Amino acid sequence: QLTSSPFLRIGQLSNVDLNEDIRELETDLPRQHPNEIPHNEKLLSLKYESLDYDNSENQLFLEEERRINHTAFRTVEIKRWVICAMIGILTGLVACFIDIVVENLAGLKYRVVKGNIDKFTEKGGLSFSLLLWATLNASVVMVGSVIVAFIEPVAAGSGIPQIKCYLNGVKIPHVVRLKTLVIKVCGVILSVVGGLAVGKEGPMIHSGAVIAAGISQGRSTSLKRDFKIFEYFRRDTEKRDFVSAGAAAGVSAAFGAPVGGVLFSLEEGASFWNQFLTWRIFFASMISTFTLNSVLSVYHGNAWDLSSPGLINFGRFDNEKMGYTIQEIPIFIFMGVVGGILGALFNALNYWLTMFRIRYIHRPCLQVVEAMLVAAVTATVGFVMIYCSRDCQPIQGSTVAYPLQLFCADGEYNSMATAFFNTPEKSVVNLFHDPPGSYNPMTLGMFTLMYFFLACWTYGLTVSAGVFIPSLLIGAAWGRLFGISLSYLTKGSIWADPGKYALMGAAAQLGGIVRMTLSLTVIMMEATGNVTYGFPIMLVLMTAKIVGDYFVEGLYDMHIQLQSVPFLHWEAPVTSHSLTAREVMSTPVTCLRRIERVGTVVDILSDTSSNHNGFPVVESNPDATQVAGLRGLILRSQLIVLLKHKVFVERANLSLVQRRLKLKDFRDAYPRFPPIQSIHVSQDERECMIDLSEFMNPSPYTVPQEASLPRVFKLFRALGLRHLVVVDNRNEVVGMVTRKDLARYRLGKEGLEELSLAQT
């Protein structure tokens, strides 16, 4: 029943009777997943916290900044460059490790299977070879899926949506931990070796980001080691800048495209940008691609020849035989349209599939079973396609890594096998560069069709895997098919070289799925090492994006929305000028007085119903004439550190407090502040008073309650705020705007929609 149910149910998903399914599942479900089944994309989850991208300028901070002189600032700047260099080197080394291990393991697997197939082709009994291939794939993928599902579920997928959210200011739990990096690297090796329709390029971006977040803190919370370096960078603002550098280094290691990496970080990731940051990020990307290049060159045995700048090399496209003429531009634009439509179809299918997975396949054991099923199906499909294909090509002069002979004559190989019996990266390069006539149109058509559905089914499995390479491969296959049919129509005229159309098809398909424009153009130009194609690639990508956006949003944005993440886009929804801050804000606000009872603070922090993270501080003793005006803002994490160190007024008067709290005490507790339950406050201490004046941020950002939503949104988004206090004309606190209040409003099909909030 297991094998058939996903297929049967996908068609009926639109009208599945959820209540019936819930009833049958509730009996054997553990109680912690009650709400997971009826998933609704019109929700915003409350389980995601925001990051503090705005420094709290309290007295401690200002005193420390005033103490730092010019030379000290210079050392901080030098440290930033050193960290960027280290990010680049380590990301490059991780990429090398992945590449070398994948090459050896996949090579071993393909040699074993090839020997087996060659043996059984003569004797008969090829079903054994199929069984061997499917079992190898499924067992490797099982290991890769088990470590992800049971140890670190955040490492599933490509990690690009998670890093986008992190850079946007959403705290996705565990996303930049060391454990995640280890699982990610092992998982991606296993899923590529397991023959799934995945690439190892997407996860490189996540790995780079984790490396950056780890190095810049100068310590590892997972390993409980503090190296006492880079302490100045222990806050969200600095960490974010380094994470965007890490993401760029990951792209540049994956594609050998340093400029593309910087632009990727700018387009997809970073919410905040300045010139110094750009320059440092570019430095990290260059170092990363250079490290990868030199290590791989040494590994391949020609130490001085730096010829492998990225994990995927599209190889060089020569200008002589690959130039394009002006009359081909409309053809390229048409390919962009096709890519946009196919990309939208891919995303729509994947959307339904992901909804299905969220509703039914949310237990780790089921996820592992599904991953193994996909691996076995992929191997079976590949085997059947190769077995049924009668497309034979001469071996002379061809560059096939594992030529499968099967039922071809001696000295020939099966050309379907070059597409399926190989890692996806190699297949892409073959489709780009094999001479005209290497592939039968029938072979390419069948391959595109099967691979499209396999890749769509694979993205979103519980394995670490990227979607870049499969989409390039699908696009290259139908692009090459398009080129072959063009040369049929034009009676073999010279300009229809199929390789060129394979490149354009690959660009169109990838653009149609992920909808990146600027960075993708540059990545494709750098990866092919050819600037002449810049213009057609740009046209193709723009067309694919416009056409695709007409139907459905990009894959990454779609997955962010399916996870119900409160993601803030660049602009507020266009029709939202009618809303004001008064309608958007959350009320009532829990305020603290400037000198507050410890018991009150503890009760407010322990209250589970209101899990607030920022508290406006108001004047302590309002008499009849004076209003309780806003004096500042204090964060939950700061209050917890104050309670932990017992900074009470009475103890200070009795001089029991050893020393004044420094900023270092707050930094040492970052990023995992202890929960309030772990802090013991005795009954006598509850009666003490706590003075917040030197720890609160005395100048929080405020807006009047008449401000319109786009104005509030712009302020919030541009400054990377976490809390924005709404005040009336007497400077009394009337409300608070947080990320959830702004992310609730979204443009839907019928105009402005308001999403509901859910605790799941």
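Where a number appears in this text, it was derived from the coordinates with a stated rule and is not lab data. Keep in mind that this is a model prediction, so the values were computed, not measured. So basically every Cβ, Gly included, is an ideal-geometry build from the backbone, and we count neighbours across all protein chains shown.
Structure data summary
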| quantity | calculated |
| --- | --- |
| Degrees, to the nearest 10: 468-489 long Cα axis against longest axis of the chain | 40 degrees |
| Cysteines not pairable in the chain (beta carbon separation under 4.7 Å absent) | Cys84, Cys96, Cys165, Cys186, Cys365, Cys388, Cys456, Cys591, Cys688 |
| Karplus (6.51, -1.76, 1.60) ³J(HN,Hα), θ = phi - 60°, over the range 244-251, in Hz, Gly and Pro reported as x | 5, 5, x, 4, 5, 4, x, 4 |
| 19 Å Cα-Cα reach of Lys114 towards lysines, excluding residues that sit fewer than 8 places from it in its own chain | Lys123, Lys426 |
| Nonlocal amide H pairs with Val734, under 5 Å, H built at 1.01 Å | Val726, Val727, Asp728 |
| Anchor Lys491: lysines whose Cα lies under 22 Å away (excluding residues fewer than 8 positions away in-chain) | Lys321, Lys500 |
| Euclidean distance of C-alpha centroids, the range 447-481 and the range 82-160, integer Å | 17 Å |
| Value at 222 nm in deg cm²/dmol, rounded to 500, when DSSP H runs of n ≥ 4 in the chain each add -39,500 (n - 2.57) | -17500 deg cm²/dmol |
| Estimated dipole of the range 581-758 in Debye, rounded to 20 [Cβ of Lys and Arg +1, of Asp and Glu -1, Cα centre] | 840 debye |
| Fully extended contour minus Cα-Cα distance, from Phe120 to Ser294, at 0.36 nm per residue | 58.5 nm |
| For the chain, share of DSSP beta bridges that run antiparallel, in % to the nearest 5 | 75 percent |
| Amide H contacts under 5 Å for Arg631, placed H, 5+ residues apart | Val617, Val618, Glu619 |
| Total charge dipole magnitude, the chain, about the Cα centre, Cβ charges on Lys, Arg, Asp, Glu only, Debye to nearest 20 | 1240 debye |
| 5 angstrom amide H check on Leu747, placed H, neighbours 5+ away | Glu753 |
| Karplus-derived 3J(HN,Hα), 6.51/-1.76/1.60, for each residue of the range 230-239, Hz, glycine and proline x | 6, 5, 5, 8, 8, 7, 4, 4, 5, 4 |
| Filter on Lys164/Lys644; Lys646/Lys714; Lys179/Lys664; Lys171/Lys662; Lys200/Lys714 - keep pairs with C-alpha separation over 32 Å | Lys164/Lys644; Lys646/Lys714; Lys200/Lys714 |
| Efficiency of FRET between Asn55 and Thr532 - r from beta-carbon atoms, R0 45 angstrom, step 0.05 | 0.45 |
| DSSP loop chymotrypsin sites (Phe, Trp or Tyr not before Pro) with at most 14 other Cβ within 10 Å excluded, longest remaining stretch of the chain | 1-226 |
| Cα lying deepest toward the dipole's positive end in the chain, options Ala758, Val182, Leu715, charges on Cβ | Val182 |
| 15 Å Cα-Cα reach of Lys79 towards aspartates and glutamates, excluding residues that sit fewer than 8 places from it in its own chain | Glu231, Glu238, Asp241 |
